[in-house]
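A short worksheet on the structure shown next.
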């Protein structure tokens, strides 16, 4: 196809076919596609300034043309039938027109399809308060917000109002009724739309972005008056998000905003996308803050630096996590590479320290390429080659300890049996000795009786002889007397 015949719709269709997230149109360069986070040029000749102007300027209505002339930049939404919707920013650079198109699928994905942590799904259940989704451009903020709003629309009978510039995802009515307002088309500004929304009986409000002080102030008020409000900010962490909101207000109001934010804030999700280890797209790494009592106290007391440590220590109960903890989970599951984790980490030294503490040889294994990628979740972490070896070594050590304990128990049982046997033998010996002693007593008594009988007989004989001597009678025996008795 000749470049002269290449239309904007053709480029957008080609972009969608390739799975690109963005299309860049700039004079003197071929069109660029962002694929897995990197800009790749299309095989085409460079576009001239007039080519781009003829492509994009017809997309603007009168109000948008006026805004472009005044500010040299304008946002708008554009759809290609049967392909996708696109968020477009047309801007001026070096005196010529350029444009960037962000692809927005018609189908809104759920939490599982987006690989979001389970705790994000609980944000749709808050009755009121403020939930913020933050991150750099192209980190998945709008897609995550769309998943949450879609969840609410399907599960709660309520009125949801969105205020966007431009409208990105198109929501259908489900159990909830949806009202989507576009800045520049349905309302002149974010803050004015927010003020008007308060009269439209909303239950849930989604503000595409908190861009200025007036919008931030109105968002806080809406959350404080019993509405559930979602919005986004271009910040990289939960602590930075709170600082950004506080610093947007004049110094004399900041103490009040600390107290107000501590009361209305429910959660902050800070996101960035990391290339998958298998090269099949990108995955979200999420820092998650849930406004626990300790977090609220830190916000109210302006102890923003303490928030990071509180997030890190609240994983188990509140399901919070820092960005490094999220990267470690992705790395341990084999979803991303070690280099990608280090590149995306806000504190690579802290990440390295935590990795060595949890998995002593994981960094060496990653550098040597011995850690094979795995699609498993964290529960099957032992399937990873190096970590599996570490677990097996630990298991072997526990087995050896168990065998040692079993051997000690067997030795103690043998000693106990010997003692019992000895005690049993001692019992038998004692019984035998008692029997022998009793027999000796019986024998002694018999011999004593025999002795008494013999003594008695001897005494009778002596009495008899004494009587004979005294009477002069001859002995009864016929045997002649001899010796002493002869006299």
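Points worth noting:
- In this calculation the C-beta distance from residue 259 to residue 65 is compared with R0 = 45 Å, giving a FRET efficiency of 0.50.
- Correct choice for Rg and Dmax of the Cα atoms in Å that was computed from the model, options (1) 29.3, 96; (2) 47.8, 181; (3) 29.7, 105: (2)
- Only helical runs count toward this figure. For the chain, summing -39,500 (n - 2.57) over DSSP H runs of n ≥ 4 and dividing by all residues gives -15500 deg cm²/dmol at 222 nm.
- Take each peptide in 410-416, 122-128, 66-72, 272-278, count the other Cβ atoms within 10 Å of every residue, and average; sorted highest first, the result is 272-278, 122-128, 66-72, 410-416.
- If the segment from residue 252 to residue 402 were pulled out straight at 0.36 nm per residue, it would be longer than the present Cα-Cα gap by 47.5 nm.
- Relative to the longest principal axis of the Cα atoms of the chain, the long axis of helix 251-264 lies at roughly 60 degrees.
- Ranked by how many other beta carbons lie within 10 Å on average, peptides 142-149, 451-458 from highest: 142-149, 451-458
- For the stretch 111-321, the equivalent ellipsoid derived from the alpha-carbon gyration tensor has semi-axes of 24, 23, 16 Å in decreasing order.
- Efficiency of FRET between residue 433 and residue 467 - r from beta-carbon atoms, R0 45 angstrom, step 0.05: 0.35
- On Cα atoms only, tilt of 385-471 relative to the major axis of the chain in degrees: 10 degrees
- Approximating the spin labels as points 7 Å out from Cα along Cα→Cβ, the residue 348-to-residue 195 distance works out to 4.9 nm.
- Compared with the dominant principal axis of the Cα atoms in the chain, helix 62-71 is inclined by about 80°.
- Prolate/oblate/rounded call for the stretch 8-104, Cα gyration tensor, a/c under 1.5 rounded: oblate
- Subtracting the Cα-Cα distance of residue 45 and residue 57 from 0.36 nm times their residue separation leaves 2.2 nm of extension gain.
- Ordering of 325-337, 295-307 by burial proxy (mean other Cβ atoms within 10 Å per residue, highest first): 325-337, 295-307
- Segment residue 7-residue 447, extension gain: residue separation times 0.36 nm, minus the distance between their alpha carbons: 144.6 nm
- Two-site label geometry, residue 177 and residue 243: point separation in nm, points 7 Å out along Cα→Cβ: 4.4 nm
- Cα-projected label distance for residue 137 with residue 17, points at 7 Å along beta-carbon direction, nm: 2.7 nm
- Every Cα-Cα pair in the stretch 219-270 was counted, and those over 17 Å apart are 35% of them.
- Per-pair calculated FRET efficiency, R0 = 56 Å: residue 83 and residue 313 via Cβ, rounded to 0.05: 0.75
Coordinate-derived values only; no laboratory data. Just so it is clear, the structure is predicted and the values come from calculations on it, not from any experiment. Methodologically, a virtual Cβ is constructed for each residue, glycine included, from the backbone with ideal geometry; neighbour enumeration extends over all protein chains shown.
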